[in-house]
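The values are calculated or read from the model by the stated rules, or taken from the named source; none is laboratory data. Values in this document were obtained by computation on a predicted structure and should not be read as measured data. So basically every Cβ, Gly included, is an ideal-geometry build from the backbone, and we count neighbours across all protein chains shown. Keep in mind that these areas ignore ligands, DNA and RNA; they rest on the heavy atoms of the full protein, side chains included. Shrake-Rupley method; radii C 1.70, N 1.55, O 1.52, S 1.80 Å.
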Amino acid sequence: MELTINPIRRLFKRVGAKRVGDNAAIELARIIEDKSKLLATEAQKLSEHAGRRTVLRRDVKLARKILEE
């Protein structure tokens, strides 16, 4: 896992959680990483399809739109 638990705990706290269990933070981090990997993969494919080696913001936005369908 590349995301650390403390930023995830802060995210929970920002939305009003009083306490955050380790397992809850770990699970949310896992979910965020899984979804981020899918999004990054799709964005990379879009940039490659466009003939670019650089992934741009518009690739990420379009990838998000595609994955939400």
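To the nearest 500 deg cm²/dmol, what mean residue ellipticity at 222 nm is calculated for the chain from DSSP H runs of n ≥ 4 alone, each contributing -39,500 (n - 2.57), summed and divided by the residues? Intermediate values should be presented prior to the final figure.
Numbers: 3 runs with 50 residues, N = 69.
It comes out at -24000 deg cm²/dmol, rounded to the nearest 500.
Looking at this model, which pairs from Lys18/Lys65; Lys13/Lys45; Lys13/Lys37; Lys18/Lys45 are more than 30 angstrom apart at the alpha-carbon? Don't skip to the end; give the middle numbers.
On the way: Lys18/Lys65 33 Å; Lys13/Lys45 35 Å; Lys13/Lys37 25 Å; Lys18/Lys45 41 Å.
Distance filter (> 30 Å) returns Lys18/Lys65; Lys13/Lys45; Lys18/Lys45.
For region 13-69, which trypsin sites (Lys or Arg not before Pro) are in a loop by DSSP, counting at most 16 other Cβ atoms within 10 Å?
Values: sites: Lys13, Arg14, Lys18, Arg19, Arg30, Lys35, Lys37, Lys45, Arg52, Arg53, Arg57, Arg58, Lys61, Arg64, Lys65; in loops: Lys18, Arg19, Arg52, Arg53.
Here the sparse-neighbourhood loop sites are Lys18, Arg19, Arg52, Arg53.
Note on Ile32: accessible area approximately 50 square angstrom, rounded to 10, probe 1.4 Å, nucleic acids and ligands left out.
With every protein chain present, what is the per residue accessible area of the chain (1.4 Å probe, Å²)? Kindly include the intermediate steps, with their values, before the conclusion.
Details: 5800 Å² over 69 residues.
Here the residues of the chain average 84 Å² of exposed surface.
Here is the list for region 1-35: GluC sites (Glu not before Pro) lying in DSSP coil, each with at most 13 other C-beta atoms within 10 angstrom of its C-beta, are Glu2.
Simple point charges give the picture: +1 on the Cβ of Lys and Arg, -1 on the Cβ of Asp and Glu, and for the chain a dipole about the Cα centre of about 420 debye. Candidate membrane-span-like segments in the chain, meaning DSSP H helices with Cα atoms spread over at least 30 Å of their own axis and a Kyte-Doolittle mean of 0.5 or above, do not occur, with no membrane implied either way.
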